[in-house]
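These notes are about the structure you will find just below.
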Amino acid sequence: MNIAITNAHVEPVNGEPFDGTVLITDGRIAAAGPDIEVPADAEVIDAAGQWLSPGLVEAHGHVGIMEESHGWAGEDTNEGTDHNGARFRALDGIHPTDEGFRDALSGGVTTIVVKPGSANPIGGQTVAIKSWGRIVDEMVIKHPVSMKSALGENPKRFYGADQKKFPRTRQGVATAIREAFTAARNYGARKAEAIRDGKAFDVDLNNEALLLVLDEGMPWCQHCHRVDDIATAMRLQQEFGYNLIINHGTEAHLIADVIAEKNLPVVIGPLFTARTKQELTHRSVANPGRLVAAGVKIAITTDAPVVPINMLNLQASMAVKEGLDREAALKSITLWAAEIMGLADRVGSIEVGKDADLVLWSGDPLAATSRATAVWIDGRRVYHYDDSTAEGITLDPYSTLGTTVAEPGRERR
């Protein structure tokens, strides 16, 4: 099936903006440019000058596992029974009917990297999903994407203060991580020996997961706010040689030169929060601009639902107000976010061959007054804003699967 979005002001992100057409074929981008020939059988959607961008990418969220309005029944973010939770998978706790997914679509967010929480020193495996679908398995882009780990106040409080057990200090949290990696290395050596000798070997799920980090390059997403915790994250990375992604990085700007020299990316945010704990003392909307100015690649995060996910573009726009370059701001919620999380072969820019995850905006996607007027995921329109009712309308994946989503204001058939 061919779909042509014509007369759009296109922000491809990976190149210069242009006025023209984006052609979708079988759920992927088939062509994009100012002079694209539209196939005779294509469904034509006249953008009427509206802005077209790739779907936004949330690089660090908890949508679907920290369900809104459900209380304890929908709280599946932290399996706080084992400080080494490498075997835990966010994939197993995601509920696609969480209202956060509807918010994502209304804000133009089509990809979410869902991560376990930060109670455990090692929290578990993250997953990248589309923000629309019936069951999570149908929404998956990539699994696992990374391993979630936490330093600082959260694991200290959860284990030391609340449960009065190890780890109780920053020393203990770092040691728990160090011991887990050491055990995984030893396990890997024993496994290799057993395979070589043709002997039986008992599989350990924690160690198998950590070997994905140590031996196969799966990134380590390190929750860390303060400078001392960021330094510990870098120290552990140097000891064990894995791919480190700094998550949150509230004080990362204070050592931006060091982070840039080590070529480490930072998933920064959330930016629209109160300073509710000591680690957030230096929280500032100006920090993304400071990091980029120092040469650090960033992705801006809402940490949804800490900040509602539909405010992802607003956080980026406010960062522009405080000094972040506009092009960098747009990349921080599209292409850079996809690159940091290893998803750029599928999403993050309007390029031939990538998934047709697209957002039509009433104006500049970084303008606070712009709204998403239509959203496509894999070439299917899953959301539109109806001017006649002043309401965002999301395609129900459970009741309309297999149907065509009509133009805004036209009856679905």
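Out of curiosity, is Ala304 part of a loop (DSSP other than H, G, I, E, B) and under 30 Å from Leu151 (Cα atoms)? Yes.
Criterion applied to Asp355, Asp386, Asp378 was being modelled with pLDDT under 95 and touching a strand residue (DSSP E or B) at 6+ places or on another chain (Cβ under 7 Å), and the one residue passing it is Asp386. Among the residues of this structure, Glu75 counts as one that is more than 24 Å from Ala344 (Cα to Cα) and either open to solvent by 20 Å² or more (accessible area, probe 1.4 Å) or at pLDDT below 95 (or both). Examine region 318-329 for a residue that is modelled with pLDDT of 95 or more, outside any helix (DSSP H, G or I) and in contact with a Leu (Cβ under 7 Å, 6 or more places away or on another chain), and state whether such a residue exists. No, because not a single residue in region 318-329 is modelled with pLDDT of 95 or more, outside any helix (DSSP H, G or I) and in contact with a Leu (Cβ under 7 Å, 6 or more places away or on another chain). Scanning region 66-95 for residues that are among the charged types (D, E, K, R), in contact (Cβ under 8 Å) with a residue 24 or more places away in the chain and not in a loop (DSSP other than H, G, I, E, B) yields one hit, Arg89. With respect to Asn263, is the statement that it is surrounded by 15 or more Cβ atoms within 10 Å (Cβ to Cβ) and either of a type outside the set (Val, Ile, Thr) or closer than 28 Å to Ala174 by Cβ (or both) true? So Asn263 fails the test. Of all the residues in region 28-65, those that are crowded, with 16+ Cβ neighbours inside 10 Å, among the small types (Gly, Ala, Ser) and outside any strand (DSSP E or B) number 4. Here Asp378 does not fit the description of being within 18 Å of Asn14 (Cα to Cα) and acidic (Asp, Glu). Exactly one residue among Arg157, Arg170, Arg190, Arg185 is touching a residue at least 60 places away in the same chain (Cβ under 8 Å) and more than 16 Å from the chain's Cα centre (by Cα), and that residue is Arg170. Selection of region 148-165 for residues being open to solvent by 20 Å² or more (accessible area, probe 1.4 Å) and of a type outside the set (S, T, N, Q) yields Glu153, Lys156, Arg157, Phe158, Ala161, Asp162, Lys164, Lys165. For region 82-102, the set of residues classified as under 18 Å from Gly124 (Cα atoms) and either crowded, with 16+ Cβ neighbours inside 10 Å or at pLDDT below 95 (or both) consists of His83, Asn84, Gly85, Ala86, Arg87, Phe88, Arg89, Ala90, Leu91, Gly93, Ile94, His95, listed by residue number.
The values are calculated or read from the model by the stated rules, or taken from the named source; none is laboratory data. These numbers were taken from a predicted model, which means no experiment stands behind them. Reconstructed Cβ throughout: ideal geometry from the backbone, glycine too, with neighbour counts over all protein chains shown. Just the protein is used for accessible areas: all its heavy atoms, side chains included, with ligands, DNA and RNA removed. Shrake-Rupley method; radii C 1.70, N 1.55, O 1.52, S 1.80 Å.
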